[in-house]
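A.B. asks: After the structure tokens below, expect a handful of questions from me.
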There are 2 protein chains.
Amino acid sequence: MEQFKELREKANLLRKWSLISTTEAESGHPTSCLSAADVTAVLFDKYFTYDLAKPLNLYNDRFVLSKGHASPLLYALFGMAGAYPLEELKTLRKLGSRFEGHPVPSFIYAEAATGSLGQGLSVGAALALIARRENLPYKTYVLTGDGELAEGQIWEAANFSSYHKLDNLIALLDINRLAQSQETMFGHDIEKYISRFQAFGFEVRAIDGHNFSEIDSAFDLAVKNNTGKPFAIIAKTFKGKGISFLENKDGWHGKVLKKDELQKALTELGNVDDSLHFHLKKPSPAKLQESISVNTTVKMSFEKNKDYATREIFGQVLAKMGEKNKNIYTLDGDVKNSTFTEDFQKAWPDRFVECYIAEQNMVSVAAGLSRLGKIPFVATFAAFLTRAADQIRMARVSEANIKFVGSHVGVSIGEDGPSQMGLEDIAMFGAIPGTIILQPADAVSAAKLVPLMALHQGFAYMRTLRSKTHLLYENEEEFQIGGSKILQQSRDDQLTVAATGITVFEAMKAAEELKREGINVRVVDCYSINPIDEVTLKKCLQETRKKILITVEDHFIHGGLGDFAAAITGINKQVEKMAVTKISQSGTKDQLLDDAGISAAHIINRVKELVRSAQSVFA
Amino acid sequence: MEQFKELREKANLLRKWSLISTTEAESGHPTSCLSAADVTAVLFDKYFTYDLAKPLNLYNDRFVLSKGHASPLLYALFGMAGAYPLEELKTLRKLGSRFEGHPVPSFIYAEAATGSLGQGLSVGAALALIARRENLPYKTYVLTGDGELAEGQIWEAANFSSYHKLDNLIALLDINRLAQSQETMFGHDIEKYISRFQAFGFEVRAIDGHNFSEIDSAFDLAVKNNTGKPFAIIAKTFKGKGISFLENKDGWHGKVLKKDELQKALTELGNVDDSLHFHLKKPSPAKLQESISVNTTVKMSFEKNKDYATREIFGQVLAKMGEKNKNIYTLDGDVKNSTFTEDFQKAWPDRFVECYIAEQNMVSVAAGLSRLGKIPFVATFAAFLTRAADQIRMARVSEANIKFVGSHVGVSIGEDGPSQMGLEDIAMFGAIPGTIILQPADAVSAAKLVPLMALHQGFAYMRTLRSKTHLLYENEEEFQIGGSKILQQSRDDQLTVAATGITVFEAMKAAEELKREGINVRVVDCYSINPIDEVTLKKCLQETRKKILITVEDHFIHGGLGDFAAAITGINKQVEKMAVTKISQSGTKDQLLDDAGISAAHIINRVKELVRSAQSVFA
């Protein structure tokens, strides 16, 4: 009698339902499931500790499916563990099903939404990091494909994992040779993976991923691993394993079996007992992340005649908030002395995560931290947040609760030149549904808005300024998400200038000069860019002579404040966008604001043009 | 007499001007220049072959400064080579100077704009690849910092370089231990770098980066390298080398010397002869990339009753264009059977570059190809182009001539779910100044627009559809960048529905149904999203009863077609945006279009609401 007979049958039950569900759905990636069925069957059968009733139990082991297209395998695993009947997998990829094409949060056992490749190891590293820092006993398993090992983020995550000595992290590499359109770069040259992961500081065990004895002894080693190094099980596997006409055959990626092919395949699998189950070990006791309902109000006061950089205030407030809220984590990409997250590091080193210059990993680590109830603040130059645009996109699909802070926005940073200027960040975050976007122009508003970001559940983004600015507000002034402040108004305003961040000061300068020339304009500080303050802006449009709103921002012209303002409906209006329309250069702040056409002088000219023109289109 | 006395003095002249120029500029990164002065002095003194009069001479060696913040070093190197007087370096970082804070194309010797770290090796790999494929003799040198080796893209580029056997590529790794805010992850643990680069397939030579004899023998080996492996010179160096109070000292990143500190430093350097020069070997003969002024018109005709996917047509047209224009290259991230660039690969394998699943490297490789006159087409899923948002941003700063094609846009892809849906791509490309954005809805328009992308000098982006669509146009129809097509109109149109891509068909369905109910609406196919067809849309606004324009797009609501339409000025208008406002899910195309609120049924409802409401805001 074969030692692993039942295990083999369980793996075949995973195969069976990977095939049935995808054929039923008429789309999906069955062959990518088949290669990993044996490895994951052993994991769930013998090693995985999990409380199905409490996915967020902090004693649960963690399983991250980095190769998200193998979702039917994930669904079959938890089904066989008893989370739901396998029969329900027939709803795969159908509207309203929890079994989407790639895992999303409606599947509550998914640690993260995956499907954009190469992100799972970072998520897993975050989960393993929490266990390390909070002395929790669980293991984190990450199943990756081989195609996705080409993504640079994998190596960012590998460095991160070995640097942080995450020997509680176990990467399962499903080296099935075939990617989507052809063989991977290395095919079955397993040595290539061994040398790379060893060089990046992993303890490595290479196995035949279809040999249960080898799989089992690899897991046995992995769970006992206390070398200080993360563990990689490099499994040589075959795509489509177990079905003769699929196994190791090219041209089957993302293809499903027709009904007759399915029958043939199921016949090959033989009589697989549908009642086979994984009996997961349940951890005891249960422990959940403590709730975050704490007061994040931070008292600060600023001196009237002093200038402050909003980035500095952000750092100070963040450090203070860390005291009251122990779930706040801060992540840095080696710019903490520019973003001022170094203040947080000094105060709360245990909740500070240095990610070095690897923004993609940083964002996905934040998504992992959020999964277990942390409130991660991710800060770098706004320009360098674009490095992680895909990870930000996927973190949003994961419904992660991340606070992003981008410093050094706009041409106003000056001499460093265009590579360092954040000029597309509002467009990037603005496109992502439900993302709060804030840009305080002075110290008071910065100090009041940072806590509101923390309290907001979901994505929030704040732009901070490189240069110091004057105070606009009294220390007692209050601010809110979706708010704005009218800084200057009269009974005879011609039009409204809505500015944000550094351009608020240009707008104020322009308004003062225009006033001297007998032209009154209203000036609004749109510190909340999304949501924008519709009520106030509508009121301004109604109360000014021309129904004109000029928006001025240190951001590229498409996708910024101007487009949020232009989207206000239900009112006569003409929105004139003043923003950056070309690649900037090196120069002083004032030279570049002028060169970009968003200085006080340009605002004055635009206002005069619009006011003097015989009539506005609405007059 | 010391063997390397003059070389040492030349290196010190590089140091001197790195210090003078940054002190003069009052900002910059002098210490990052000092660590690499010795290595680059040897390169320029003995190995670098270059025709200063013709930077694009295809026999020139190539020098890529990946650590862009060391720009003063780059400027001093070419100054000492005779390109301009060193005295001109005093204009560093001043408005209008060619010596910007980080290299940009106005410095004509820069192979790429750098300053976002970790991108230079990819650019260099592209340059080395051209030499390989076109049998050119030049070497490509890439100077990287150590901080930036944490970026995953470095490892994507490393895989790419060794996979393509680029033994004409020489990476110079300036391991100066100190990054911006602290020591790098590995400090001076050189073994960490040796093992990583060896594992990734490099021939490696580790040296003392301040020992001229070691530097020279490393270069000697590197230029003779014919192992089939790229070469890495791993130089252990000291940040601030040569100046006692800077050398190996923390806290000096991005800081410049005050005038008195500069004097002290120059005194330490001693009497450095300003007339010292690098006498670059000039390559002969000169060869420039052939011009691209060829006809890219492609004749295709389509069958009336057949459906076509625009992504398939893109692939076919691209393959045909490849015949007429030998400068066209195509880059793939292992989705060529989805984007249909496989057609190009089959026809022109020598100009097809498989980049595997590593989008960041793919885009920076394209920037490198563009530098030497190629016209790279970069194609992957639109969603995965976000993976390279920062590289796209930097390629634009480089003024690269790249054509991007994103397939599988929108919720209309269906069952695969949100991770695969390109819904922020218009926002991303729209923010980048001067980027053409096209979205053909049918085969005819796709076939006509792809050649226009190739002819356009600069960035152009095309969205292609997953699903097949009906023909909208006759084979003879003509299209242009900035154009649109009115698909349905009457003398009694209530308002205009402007759609793009898949929503054109929803708008047409809606218009037909509305017509049956006695409501005429005009339908416009906005196949050119940027620039948008202002003339036609203004005409539509003027000619319809209500001054209402409804935009409908399979893209998130911020930053898409709607915002381009709303930005049209000089006319009374009300723009109502219909677009995706939430994270989508798995389902069929039609279910998801409806779920997202952009189906024909939703358009019908919105039109009725707007038409029935007592009056529009302008009525």
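A.B. asks: Pairs needed: first member in region A:10-32, within 14 Å of chain B (Cβ to nearest Cβ) and assigned to a helix (DSSP H, G or I); second member anywhere, of a type in the set (D, E) and surrounded by fewer than 22 Cβ atoms within 10 Å (Cβ to Cβ); C-beta distance under 9 Å; at least 6 residues apart or different chains.
C.D. replies: So the pair list comes out as A:T23/A:E261.
A.B. asks: For region A:532-548, give me each residue that is under 10 Å from A:A565 (Cα atoms), assigned to a loop (DSSP other than H, G, I, E, B) and touching a helix residue (DSSP H, G or I) at 6+ places or on another chain (Cβ under 8 Å).
C.D. replies: A:I532 - this is the single residue of region A:532-548 that is under 10 Å from A:A565 (Cα atoms), assigned to a loop (DSSP other than H, G, I, E, B) and touching a helix residue (DSSP H, G or I) at 6+ places or on another chain (Cβ under 8 Å).
A.B. asks: Out of curiosity, is A:L58 outside any helix (DSSP H, G or I), in contact (Cβ under 8 Å) with a residue 60 or more places away in the chain and of a type in the set (A, V, I, L, M)?
C.D. replies: Details: outside any helix (DSSP H, G or I): yes; in contact (Cβ under 8 Å) with a residue 60 or more places away in the chain: yes; of a type in the set (A, V, I, L, M): yes.
Yes; evaluated as a whole, the condition is true for this residue.
A.B. asks: I would also like to ask the following. Residues being open to solvent by less than 70 Å² (accessible area, probe 1.4 Å) and farther than 25 Å from A:L143 by Cα: count how many of those fall in region A:246-264.
C.D. replies: Taking region A:246-264 first, the residues open to solvent by less than 70 Å² (accessible area, probe 1.4 Å) are A:246-248, A:251-254, A:256-257, A:261-262.
Imposing the further condition that a residue be farther than 25 Å from A:L143 by Cα reduces the set to A:261-262.
Residues in region A:246-264 being open to solvent by less than 70 Å² (accessible area, probe 1.4 Å) and farther than 25 Å from A:L143 by Cα: 2 in total.
A.B. asks: On to the next question. Output the number of the condition that A:Y356 fails; it satisfies all remaining conditions of (1) out of contact with any strand residue (DSSP E or B) (no Cβ under 6 Å at 6 or more places or on another chain); (2) surrounded by fewer than 24 Cβ atoms within 10 Å (Cβ to Cβ); (3) under 22 Å from A:A400 (Cβ atoms); (4) within 12 Å of chain B (Cβ to nearest Cβ).
C.D. replies: Unmet for A:Y356, out of (1) out of contact with any strand residue (DSSP E or B) (no Cβ under 6 Å at 6 or more places or on another chain); (2) surrounded by fewer than 24 Cβ atoms within 10 Å (Cβ to Cβ); (3) under 22 Å from A:A400 (Cβ atoms); (4) within 12 Å of chain B (Cβ to nearest Cβ): (2).
A.B. asks: What's the total number of residues in region A:217-244 that are buried (at least 17 other Cβ atoms within 10 Å of the Cβ) and within 30 Å of A:K264 (Cα to Cα)?
C.D. replies: Residues that pass the stated criteria total 9.
A.B. asks: A further question on this structure: Looking at region B:122-165, which of its residues are more than 14 Å from chain A (Cβ to nearest Cβ) and either of a type in the set (D, E) or part of a loop (DSSP other than H, G, I, E, B) (or both)? Let's see the steps before the verdict.
C.D. replies: Filtering region B:122-165 for residues more than 14 Å from chain A (Cβ to nearest Cβ) gives B:124, B:126-143.
If the condition is that a residue be more than 14 Å from chain A (Cβ to nearest Cβ) and either of a type in the set (D, E) or part of a loop (DSSP other than H, G, I, E, B) (or both), then B:E134, B:N135, B:L136, B:P137, B:Y138, B:K139 are the ones that fit.
A.B. asks: Let me ask something else. Could you check region B:444-507 for strands (runs of 3 or more DSSP E) lying wholly inside it with 3 or more residues that are aliphatic (A, V, I, L, M), buried (at least 19 other Cβ atoms within 10 Å of the Cβ) and modelled with pLDDT of 95 or more? If you could, list the steps in order and put the result at the bottom.
C.D. replies: Values: elements: B:460-463, B:485-488, B:495-499.
Passing ranges, in order: B:495-499.
A quick yes/no check of all residues on (1) more than 22 Å from B:S27 (Cβ to Cβ); (2) among the hydroxyl-bearing types (S, T, Y); (3) facing chain B (nearest Cβ under 8 Å); (4) open to solvent by 10 Å² or more (accessible area, probe 1.4 Å):
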site	(1), (2), (3), (4)
A:Q391	yes, no, no, no
A:A400	yes, no, no, no
A:F404	yes, no, no, no
A:S407	no, yes, no, no
A:G410	no, no, no, no
A:G417	no, no, yes, no
A:G422	no, no, no, no
A:I436	yes, no, no, yes
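A.B. asks: State which residue is surrounded by the most Cβ atoms within 10 Å (Cβ to Cβ) when the search covers only region B:299-313 and only residues that are farther than 15 Å from B:V409 by Cβ and touching a strand residue (DSSP E or B) at 6+ places or on another chain (Cβ under 8 Å).
C.D. replies: Among those that are farther than 15 Å from B:V409 by Cβ and touching a strand residue (DSSP E or B) at 6+ places or on another chain (Cβ under 8 Å), it is B:Y308.
A.B. asks: Can you confirm whether region B:314-331 contains a residue that is acidic (D, E), modelled with pLDDT of 95 or more and open to solvent by 10 Å² or more (accessible area, probe 1.4 Å)?
C.D. replies: So in region B:314-331, the residues acidic (D, E) come out as B:323.
Add one more test, that the residue is modelled with pLDDT of 95 or more, and what stays is none.
Checked against the condition, which is being acidic (D, E), modelled with pLDDT of 95 or more and open to solvent by 10 Å² or more (accessible area, probe 1.4 Å), region B:314-331 yields no hits at all.
A.B. asks: From the list B:V575, B:V580, which one is free of Cβ contacts under 8 Å to residues at least 60 places away in the same chain, touching a Leu at 6+ places or on another chain (Cβ under 9 Å), buried (at least 18 other Cβ atoms within 10 Å of the Cβ) and at the interface with chain A (Cβ under 9 Å from one of its Cβ atoms)?
C.D. replies: Numbers: B:V580 fails: free of Cβ contacts under 8 Å to residues at least 60 places away in the same chain.
Of B:V575, B:V580, the one residue that is free of Cβ contacts under 8 Å to residues at least 60 places away in the same chain, touching a Leu at 6+ places or on another chain (Cβ under 9 Å), buried (at least 18 other Cβ atoms within 10 Å of the Cβ) and at the interface with chain A (Cβ under 9 Å from one of its Cβ atoms) is B:V575.
Here is a yes/no grid of residues against (1) open to solvent by less than 10 Å² (accessible area, probe 1.4 Å); (2) of a type outside the set (S, T, Y):
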position	(1), (2)
B:I20	no, yes
B:S32	yes, no
B:A41	yes, yes
B:K46	no, yes
B:Y59	no, no
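A.B. asks: Let me ask you something else. What's the number of the only condition in (1) outside any loop (DSSP other than H, G, I, E, B); (2) within 7 Å of another protein chain (Cβ to nearest Cβ) that B:G559 fails to meet?
C.D. replies: The single condition B:G559 does not satisfy is (1).
A.B. asks: Need the failing condition index for A:T339 against (1) more than 8 Å from chain B (Cβ to nearest Cβ); (2) surrounded by fewer than 24 Cβ atoms within 10 Å (Cβ to Cβ), just the number.
C.D. replies: For A:T339, the exception is condition (2).
A.B. asks: Could you tell me which residue of region B:174-195 is modelled with the highest pLDDT, considering only residues that are polar (S, T, N, Q) and open to solvent by 30 Å² or more (accessible area, probe 1.4 Å)?
C.D. replies: Initially, region B:174-195 is screened for residues polar (S, T, N, Q), giving B:176, B:180-182, B:184, B:195.
When the remaining residues are screened for being open to solvent by 30 Å² or more (accessible area, probe 1.4 Å), the result is B:180, B:182, B:195.
Working: B:Q180: 94, B:Q182: 94, B:S195: 98.
The residue in question is B:S195.
A.B. asks: Here's something else I'd like to know. So A:D594 fits all but one of (1) open to solvent by 10 Å² or more (accessible area, probe 1.4 Å); (2) under 29 Å from the mean Cα position of the chain (by Cα); what number is the exception?
C.D. replies: Tallying (1) open to solvent by 10 Å² or more (accessible area, probe 1.4 Å); (2) under 29 Å from the mean Cα position of the chain (by Cα), A:D594 fails exactly one: (2).
A.B. asks: Considering B:T569, B:T588, B:T536, which residue is more than 8 Å from chain A (Cβ to nearest Cβ) and either open to solvent by 30 Å² or more (accessible area, probe 1.4 Å) or at pLDDT 95 or above (or both)?
C.D. replies: The unique qualifying residue is B:T536.
A.B. asks: Tell me, which residue of region B:86-97 that is crowded, with 20+ Cβ neighbours inside 10 Å and in a loop (DSSP other than H, G, I, E, B) is nearest to the other protein chains (Cβ to nearest Cβ)?
C.D. replies: Ranking the qualifying residues of region B:86-97, first place goes to B:R93.
A.B. asks: Evaluate the following for B:M428: is it more than 8 Å from chain A (Cβ to nearest Cβ) and either of a type in the set (V, I, T) or crowded, with 24+ Cβ neighbours inside 10 Å (or both)?
C.D. replies: Working: more than 8 Å from chain A (Cβ to nearest Cβ): no; either of a type in the set (V, I, T) or crowded, with 24+ Cβ neighbours inside 10 Å (or both): yes.
Judged against the criteria, B:M428 is not a match.
A.B. asks: Would region B:70-85 turn up any residue that is in a loop (DSSP other than H, G, I, E, B), open to solvent by less than 10 Å² (accessible area, probe 1.4 Å) and in contact (Cβ under 8 Å) with a residue 40 or more places away in the chain? Show your work before the answer.
C.D. replies: First, pick out the residues of region B:70-85 that are in a loop (DSSP other than H, G, I, E, B): B:81-85.
Adding the requirement that they be open to solvent by less than 10 Å² (accessible area, probe 1.4 Å) leaves none.
Looking for residues that are in a loop (DSSP other than H, G, I, E, B), open to solvent by less than 10 Å² (accessible area, probe 1.4 Å) and in contact (Cβ under 8 Å) with a residue 40 or more places away in the chain, one finds none in region B:70-85, hence no.
A.B. asks: Right, here's the next one. Given the conditions (1) farther than 27 Å from A:F459 by Cα; (2) more than 10 Å from chain A (Cβ to nearest Cβ); (3) not acidic (D, E), and given that B:V552 satisfies all but one, which numbered condition is not satisfied?
C.D. replies: Checking B:V552 against (1) farther than 27 Å from A:F459 by Cα; (2) more than 10 Å from chain A (Cβ to nearest Cβ); (3) not acidic (D, E), the one that fails is (1).
A.B. asks: Right, something else. Only one of (1) in contact with a Pro (Cβ under 9 Å, 6 or more places away or on another chain); (2) surrounded by fewer than 18 Cβ atoms within 10 Å (Cβ to Cβ); (3) within 14 Å of another protein chain (Cβ to nearest Cβ) is not met by B:I108, so which one is it?
C.D. replies: (3)
The values are calculated or read from the model by the stated rules, or taken from the named source; none is laboratory data. A quick note: this is a predicted structure, and the numbers were derived from the prediction, not measured. Because the Cβ atoms are built from the backbone with ideal geometry, glycine has one as well, and the counts that use them run over all protein chains shown. Ligands, DNA and RNA are stripped out before the accessible areas are found, and what is left, the full protein with its side chains, is counted by its heavy atoms. Shrake-Rupley method; radii C 1.70, N 1.55, O 1.52, S 1.80 Å.
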